[in-house]
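**Q** Below: one structure in structure tokens.
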């Protein structure tokens with residue numbers, strides 16, 4: 001691995017970084033750096049295809065209100081196929097909220113993705129084919145308006161005022177992070193609220209020898225996905241919820257200075273443990289930079305379903 005993560009609330013999500021660092025000097029040859037979500041400049045998919053499908057009926061969530069694009073730059077998903085070409089993985093985005101969500105994915109100039117933006121009305125989904133060694137992020141945008149050229153703005157998760165993203169999205173935003181075939185044939189993935197949250201989210205796996213830790217409704221041993229109850233001091237007018245570093249600043253909440261590093265950045269010693277805001281809503285997700293129990297693994301050419309919404 002050629003890049004090391006920057007451990008801080010404000011420097012980007014470090015959700016997979018701790019686990020990846022364990023293998024940094026022994027697992028990945030220097031000629032092929034591992035894809036690590038949350039690290040600036042990482043390589044992402046060489047090719048990706050958007051294959052629209054139809055999802056189950058929507059589920060009400062507490063997400064912020066969206067406005068439909070005018071006009072929609074691309075067609076709304078409607079087909080019913082989730083098949084992908086050989087050597088590719090399927091990642092399906094599902095909108096289980098009561099509002100329109102504009103799906104997004106990271107882009108990289110060295111490994112361009114054909115499509116990085118999708119419109120998902122309530123109950124709809126879209127499947128993306130990514131290479132088996134892909135690494136990157138998916139997220140949902142809300143409150144978007146775009147013109148026919150794909151220029152516009154989103155209230156949350158905006159990526160440079162573009163429908164097709166060419167970089168990371170604005171924070172706060174809930175992230176789905178992936179490092180496929182990163183070590184020993186294993187994928188690593190997580191839901192991250194390190195940079196705050198704008199939508200409830202959960203990830204299911206398929207076509208794998210690994211047992212899915214969550215059921216189809218997003219419930220697991222630690223609980224189910226719930227709406228985010230954001231403290232007033234952390235909530236933006238868009239409805240998105242900031243992390244405590246962005247909301248309050250200071251070394252304590254930003255895990256810097258005397259609070260820097262895993263052994264010093266301990267939320268239970270903060271004046272208020274704001275990680276509980278995110279952990280209560282998404283108990284399996286990253287609630288702060290060192291919440292490493294949230295990293296999940298999958299083996300066997302796994303497919304993934306990312307659901308925007310709360311548990312049924």
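The values are calculated or read from the model by the stated rules, or taken from the named source; none is laboratory data. Since this is a predicted model, take the numbers as computed values, not measurements. So basically every Cβ, Gly included, is an ideal-geometry build from the backbone, and we count neighbours across all protein chains shown.
**Q** Taking the options 258, 247, name whichever one is modelled with pLDDT of 95 or more and either in contact with a strand residue (DSSP E or B) (Cβ under 8 Å, 6 or more places away or on another chain) or more than 23 Å from residue 158 (Cβ to Cβ) (or both). Can you show your working first?
**A** Values: 247 fails: either in contact with a strand residue (DSSP E or B) (Cβ under 8 Å, 6 or more places away or on another chain) or more than 23 Å from residue 158 (Cβ to Cβ) (or both).
None of the others qualify; the one that does is 258.
**Q** Continuing with the same structure: Would you call residue 221 without any contact (Cβ under 8 Å) to a residue 60 or more places away in the chain and within 19 Å of residue 291 (Cα to Cα)?
**A** Working: without any contact (Cβ under 8 Å) to a residue 60 or more places away in the chain: yes; within 19 Å of residue 291 (Cα to Cα): yes.
For residue 221, the condition - without any contact (Cβ under 8 Å) to a residue 60 or more places away in the chain and within 19 Å of residue 291 (Cα to Cα) - is met.
**Q** In addition: For segment 162-173, how many residues meet the condition of being crowded, with 24+ Cβ neighbours inside 10 Å and over 16 Å from the mean Cα position of the chain (by Cα)?
**A** Count: 1.
Yes/no matrix, rows are residues, columns are (1) surrounded by fewer than 19 Cβ atoms within 10 Å (Cβ to Cβ); (2) touching a strand residue (DSSP E or B) at 6+ places or on another chain (Cβ under 6 Å):
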position: 88; (1), (2): no, yes
position: 96; (1), (2): no, yes
position: 102; (1), (2): no, yes
position: 107; (1), (2): no, no
position: 118; (1), (2): no, yes
position: 123; (1), (2): yes, no
position: 139; (1), (2): no, yes
position: 157; (1), (2): no, yes
position: 160; (1), (2): yes, no
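**Q** Any residue at all in segment 281-300 that is over 21 Å from residue 223 (Cα atoms), surrounded by fewer than 18 Cβ atoms within 10 Å (Cβ to Cβ) and out of contact with any helix residue (DSSP H, G or I) (no Cβ under 8 Å at 6 or more places or on another chain)?
**A** yes
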